[in-house]
Amino acid sequence: MAMIEVNDLHKWYGDFHVLKGINESVEQGEVLVICGPSGSGKSTFIRCINRLEEYQKGTIMFDGRDIHAPEVNINTLRSEIGIVFQQFNLYPHLTVLKNVTLAPVKVKGMDKKAADELGLQLLHRVGIHDQAHKYPAELSGGQQQRVAIARGLAMEPKVMLFDEPTSALDPEMINEVLNVMKDLAREGKTMLCVTHEMGFAREVADRVIFMDYGEVIEQNTPSEFFKNPQHERSQQFLKEIL
Amino acid sequence: MQYQFNWIATVTGEPGRWLWEGFVTTLEVSFIGIVFAMILGIVICVLRMTRFKPFVWFSVAYTEFFRNTPLLVQIFFWYFGAGVILPDSINDWINQLYYWFPGPFTLGGGEYTGEWMLFSSESVSVIIALAVYTSAFIAEELRAGIFSIPKNQLEASRATGLTFLQAYRFVIMPQAIRIVVPPLISQFLNLIKNSSLAMALGVTELTYQATQIESYHGLAFEGFTVATLIYLAISLVVSFAINMYNKHFMLQVKY
Ligand SMILES: Nc1ncnc2c1ncn2[C@@H]1O[C@H](COP(=O)(O)OP(=O)(O)O)[C@@H](O)[C@H]1O
Ligand SMILES: [Mg+2]
């Protein structure tokens, strides 16, 4: 059974057909990279999976359950799916550690000590445990994004979603974030990553899908996709990002 | 002949006692007014933010109506007008409030008859008017503060599994409060200053007492000067206290 099973997913913003029938299946432990031009619906697609966006047609199964089934609690669902945004979106009024522990404490009811331990352990994993008591604004972009990853991992999600996690970063900070993501991939985390980082895709992705105008128009292994894109639009796109 | 200032006579004896009474009344009316204005303001703001249309309409009508009509008219409405539409039982209740605190008694070294007591129907009308009027502004300030928090904060917190209320309580509100405190202070100060309109109903607050000093002792300049300084002092103290509180408890945050 696939971890995520997307069936004929359609979404409209008013008259605008953003997602035009996505069919995709992601296995446990799989790393899927989603690329495509800006505005093609990549963010909308992954945000449908944790119900940050609603859709009008089709189904998404997560871990064997329809995410819209009445017995599925939206907050439980979301706690099982971590997400990292382009703009980090850390809580500016909380320390780095509190950013990470807020959800375990409030959603899971974890006691503060255990949560702090978990938080420090996660911050260690992303390499910023020594900044635990600083505020997000005191950190560099790369460090903030790593905190955001730790926050996403804090609920021990079955799947991690990444929406262009390195696009807002200065070039010299991209690798520190990608390295954390690669570690996660190698540890067997199921990941859906919207990214144009080819090195990352080549190294750890199992599959790349290419989206354009709300459709998946090509999919392949990373090496094949980058070497030998089939579709004219993917060829064009790869030329542009190189 | 040149005017002889008589400051001593203004702050001692009968004028001094009146000023003290006025000061205490102003503080009481303002304090209770602020508490109720905050409560109402929060309620109106919450109603506005629900997606339930009748609540939203009510909230919009409330804020527009009370913000855009003169406060003095509103005070007269609550005193002369509201009684007509309120049930007798409530009117009776308001009228008998006066007798809860029978005079005379002593406070701050003065003997009081109890006539200036807060719970006269005049005072109650004024407090209602001030609270309702100010709450309309407070509701708007609260809403502006909450809206100034980027939407992605709500999204990020909901994405971790926090409920809507938890997200507001732990992520949105703590950030909004720091933005909202300065405009709230100025609304509180407005209420304190606006409480001087209570004299229109003969509530013996500070401004009323200053007019008394003018009428009975002829100390117009001195009376109004001292009253002005007292208002200024109250405002500065309130502003300073809230800012200090805010610095200590809310602003331990860096962006
Ligand atoms: N809230 C919205 N309302 C209307 N259109 C939207 C909204 N959000 C996104 N869109 C449109 O949907 C399309 C896909 O957006 P998005 O999923 O963000 O693309 P991508 O992530 O691939 O750049 C874009 O054309 C965008 O303008
Ligand atoms: Mg996007």
Total lysine pairs whose alpha carbons fall under 30 Å of each other in chain B (8 or more apart, or interchain): 4
Express the relative contact order of region A:49-105 as a whole percentage, based on alpha carbon pairs under 8 Å and six or more residues apart in sequence. 24 percent
For region B:8-249, calculate the relative contact order in percent as a whole number, restricting contacts to Cα pairs under 8 Å that are 6 or more residues apart. 29 percent
Helix A:171-186 versus the longest principal axis of chain A: what angle, 0 to 90°, nearest 10, using Cα atoms? 90 degrees
Here the whole-number average of other chain Cβ atoms within 10 Å per Cβ of A:74-83 is 3
Sort all Cα-Cα distances of region A:4-99 into consecutive 10 angstrom bins from zero, then give the percent of pairs in each bin up to the one containing the longest distance. 13, 43, 31, 11, 1
So which aspartates and glutamates can A:Lys98 reach, going by Cα to Cα under 18 Å and dropping same-chain residues fewer than 8 places off? A:Asp111, A:Asp116, A:Glu117, A:Asp130, A:Glu138, A:Glu156, B:Glu155
One checks the Cα atoms of chain A and finds Rg and Dmax, in Å, of 17.8, 55
With all protein chains modelled, accessible area of A:Lys112 [1.4 Å, Å²]: 120 Å²
Compute the orientation-averaged projected area for region B:8-249 from the convex hull of its Cα atoms and round it to one decimal in nm². 15.9 nm²
Could you tally the net charge around A:Val180, taking each other residue with its Cβ under 12 Å from the Cβ of A:Val180, Lys/Arg +1 and Asp/Glu -1? +2
So what's the angle, to the nearest 10 degrees on a 0 to 90 scale, between helix B:173-194 and the longest Cα principal axis of chain B? 20 degrees
What does the accessible area of B:Tyr62 come to, in Å² to the nearest 10, when a probe of 1.4 Å is used? 30 Å²
For region B:126-133, what does the Karplus curve 6.51 cos²θ - 1.76 cosθ + 1.60, with θ = phi - 60°, yield as ³J(HN,Hα) per residue in whole Hz, taken in order and with x for Gly and Pro? 5, 5, 4, 4, 4, 5, 5, 4
Once you put a point 7 Å from the Cα of B:Leu27 and another 7 Å from the Cα of A:Glu224, both along the Cβ direction, what distance in nm separates them? 8.3 nm
Portion, in percent, of the accessible area of region B:8-249 that falls on carbon or sulfur, probe 1.4 Å: 70 percent
Dimensions in Å of region A:173-237 - Rg and Dmax from alpha carbons: 12.4, 35
Would you rank B:Trp93, B:Trp78, B:Trp7 by solvent-accessible area, highest first, keeping every protein chain in place and using a 1.4 Å probe? B:Trp93, B:Trp7, B:Trp78
Plugging the Kirkwood radius over Cα pairs into Stokes-Einstein for the protein assembly as shown, at a temperature of 20 °C and a viscosity of 1.002 mPa s, what D comes out in µm²/s? 79 µm²/s
Semi-axes a, b, c in Å (a largest) for region A:65-128, each sqrt of 5 times a Cα gyration tensor eigenvalue, come to 24, 15, 11
Mind checking the angle between helix A:96-106 and chain A's longest principal axis? C-alpha axes, 0 to 90 degrees, to the nearest 10. 80 degrees
Would you work out the relative contact order for region A:153-242, in percent, from Cα pairs under 8 angstrom that are 6 or more residues apart? 22 percent
What average number of partner chain Cβ atoms lie no more than 10 Å from the Cβ of the residues making up A:88-98? 5
Of B:Leu236, B:Leu206, B:Leu86, the most mobile residue in a GNM of chain B (C-alpha springs, cutoff 10 Å) is B:Leu86
For A:Lys20, which lysines qualify as cross-link partners when the Cα separation must be under 16 Å and same-chain residues fewer than eight apart are set aside? A:Lys11, A:Lys42, A:Lys57
Shielding of A:100-108 by partner chains, average beta-carbon count, 10 Å: 4
Give me the accessible area of A:Asp111, 1.4 Å probe, in Å² rounded to the nearest 10. 90 Å²
Computed FRET efficiency, Cβ-Cβ of B:Val56 and B:Phe240, R0 45 Å: what is it to the nearest 0.05? 0.75
Heavy-atom accessible surface buried between B and A, both sides counted, 1.4 angstrom probe, nearest 100 Å², is 2000 Å²
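The values are calculated or read from the model by the stated rules, or taken from the named source; none is laboratory data. Quick caveat, the model's predicted, so the values are computed rather than measured. Note that each Cβ is placed from the backbone with ideal geometry, even for glycine, and that neighbours are counted across all protein chains shown. Please note that ligands, DNA and RNA were not included when accessible areas were found on the heavy atoms of the full protein model with its side chains. Shrake-Rupley method; radii C 1.70, N 1.55, O 1.52, S 1.80 Å.
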